[in-house]
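Engineer: Mind having a look at this structure? Questions to follow.
Every read-out reported here was derived from the displayed coordinates using simple, explicitly stated rules and does not represent laboratory data. Since the structure is predicted, the reported quantities are computational estimates derived from the model, not experimental observations. Backbone-built Cβ (ideal geometry, glycine too); neighbour counts: all protein chains shown.
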Amino acid sequence: MNDDDLEKIATWLRNADRVAVLTGAGISTESGIPDFRGPNGVWTKNPAAEKTATLQYYMSDPAVRRQAWQNRINSGVFDAAPNAAHRALVDLEHKGGLHTLVTQNIDGLHHAAGQSPEIVIEIHGNVREAKCMACGWRGPMHETLERVRAGEEDPACRLCGGILKSATISFGENLVEADLHRSQLAAGRADLFLAIGTSLAVYPAAALPEIAIRNGARLVVLNAEETPFDPVADAVVRDQLGEVLPAVVALV
Ligand SMILES: [Zn+2]
């Protein structure tokens, strides 16, 4: 991308009163976390793996749960570190240029990068915690993973014996209404909306730029592949996020 485009987006960021950001899998691929739905995605290459993320199968089939716990202890998600793109968004916040960050990612890397937890909305939940599907207990995921490593193939809730799962939103599971509502409010009040590393194909996240535009916000799409919002965006950036985001934020 040329310097004029960088400067243009930086100027919008400087002049905006309320900036809302939506991030998706694309911001974490440079941290080594696989995209689930992309051309080389985990689910694209192995559709059976999608079962472990589908609530109905998870709740009804112990074999699916045992597989899910094995996936969790072998997953790179818990070892991944934030990359330059995550850090650029922290810098943007410190410069006063970021009001709300909505993420579709469950990897917790915005928190790990040092983003203020109160401005981050993880609409698909997160992997840092385990939750009980019966009594609502929540606790640090690493404690439950220790039980799996110690030999419990499908650890049950210690309070009620219920089924434990990561505190992510599985397929077939409802989003947290309050998180969704906060995200929609932030989009509606934004005067600049950045969609970063997301295909904008999955609703309700994809409704957020729609809400922002309807309320008069500028839209900037930063994504390696085309999105349905490219034709209505004020700027579209295809460059690698770990390079382009720090470059833009440096100009703010
Ligand atoms: Zn319980």
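Engineer: Given a 10 angstrom Cα cut-off, can you work out which residue in Leu98, Leu89, Leu55 is the most mobile in a GNM of the chain?
Structural biologist: Its mean-square fluctuation being the largest, the pick is Leu55.
Engineer: Most mobile of Ala53, Ala201, Ala85 per a Gaussian network model of the chain (Cα springs, under 10 Å)?
Structural biologist: Of Ala53, Ala201, Ala85, the most mobile in the Gaussian network model is Ala201.
Engineer: Over the chain, calculate the relative contact order: mean separation of alpha carbon pairs under 8 Å at least 6 apart, over the residue count, as a percent. Mind showing how you got there, number by number?
Structural biologist: Working: 434 pairs, mean separation 64.2, N = 252.
Once divided by the residue count of the chain, the mean separation gives 25 percent.
Engineer: Which part of region 160-200 falls in the paramagnetic zone of Asn215, meaning amide N under 20 Å from the point 7 Å along Cα-to-beta-carbon?
Structural biologist: It comes to 176-196, 200, nothing else.
Engineer: Also, quick follow-up: Could you work out [θ]222 nm for the chain from helices alone, using -39500 (n - 2.57) per DSSP H run of at least four and dividing by all its residues? Round to the nearest 500 deg cm²/dmol. All intermediate terms of the calculation are to be shown ahead of the outcome.
Structural biologist: Working: 10 runs with 92 residues, N = 252.
Computed ellipticity for the chain at 222 nm equals -10500 deg cm²/dmol.
Engineer: With a/c under 1.5 counting as rounded, go ahead and sort region 179-252 into rounded, prolate or oblate using the C-alpha gyration tensor (a ≥ b ≥ c being the square roots of the eigenvalues; past the cut-off, prolate if a/b is larger than b/c, else oblate).
Structural biologist: prolate
Engineer: Evaluate the distance, in nm, between pseudo-label points positioned 7 Å from the Cα of Ala134 and of Asp79 along their respective Cα→Cβ axes.
Structural biologist: 3.4 nm
Engineer: May I ask for the longest run of the chain untouched by GluC sites (Glu not before Pro) that are loop-located per DSSP and have at most 16 neighbouring C-beta atoms (other than their own) within 10 Å? Intermediate values should be presented prior to the final figure.
Structural biologist: On the way: sites that count: Glu152, Glu153, Glu225, Glu226.
Counting only loop sites that pass the neighbour cut-off, the longest clear stretch is 1-151.
Engineer: Which shape class, rounded, prolate or oblate, goes with region 200-242 when its Cα gyration tensor gives a ≥ b ≥ c as root eigenvalues, a/c under 1.5 marks rounded, and past that a/b bigger than b/c marks prolate?
Structural biologist: Numbers: a/c = 2.12, a/b = 1.41, b/c = 1.51.
Here region 200-242 falls in the oblate category.
Engineer: So how tilted is helix 62-74 from the main axis of the chain? Cα-based, degrees 0 to 90, rounded to 10.
Structural biologist: Helix 62-74 and the main axis of the chain meet at about 50 degrees.
Engineer: Then there's this: Put a dot 7 Å past each Cα toward the Cβ at His142 and Arg182; how far apart are the dots in nm?
Structural biologist: About 2.4 nm, to one decimal.
Engineer: Direction-averaged shadow area of the convex hull around the Cα atoms of region 122-209, nm²? Let's see the in-between values first.
Structural biologist: Details: hull surface 28.4 nm².
For the Cα atoms of region 122-209, the hull's average projected area reads 7.1 nm².
Engineer: Give the share of C-alpha pairs in each 5 angstrom bin for the chain, from 0 to the last occupied bin, in whole percents, shortest bins first.
Structural biologist: Going out from 0 Å in 5 Å bins, the chain shows 1, 6, 13, 18, 18, 15, 11, 8, 5, 3, 1, 0 percent.
Engineer: Considering only Arg66, Arg238, Arg158, give the residue with the highest GNM mean-square fluctuation for the chain, with springs between Cα atoms whenever their separation is below 10 Å.
Structural biologist: Between Arg66, Arg238, Arg158, it is Arg158 that shows the largest mean-square fluctuation.
Engineer: What is the angle, in °, between the Cα long axis of helix 241-250 and the longest principal axis of the Cα atoms in the chain? Nearest 10 is fine, range 0 to 90.
Structural biologist: It is inclined by approximately 50 degrees.
Engineer: What is the spin-label model distance, in nm, from Arg18 to Asp239 if the labels are put 7 Å beyond Cα along the C-beta direction?
Structural biologist: Between Arg18 and Asp239, the simple spin-label model gives 3.0 nm.
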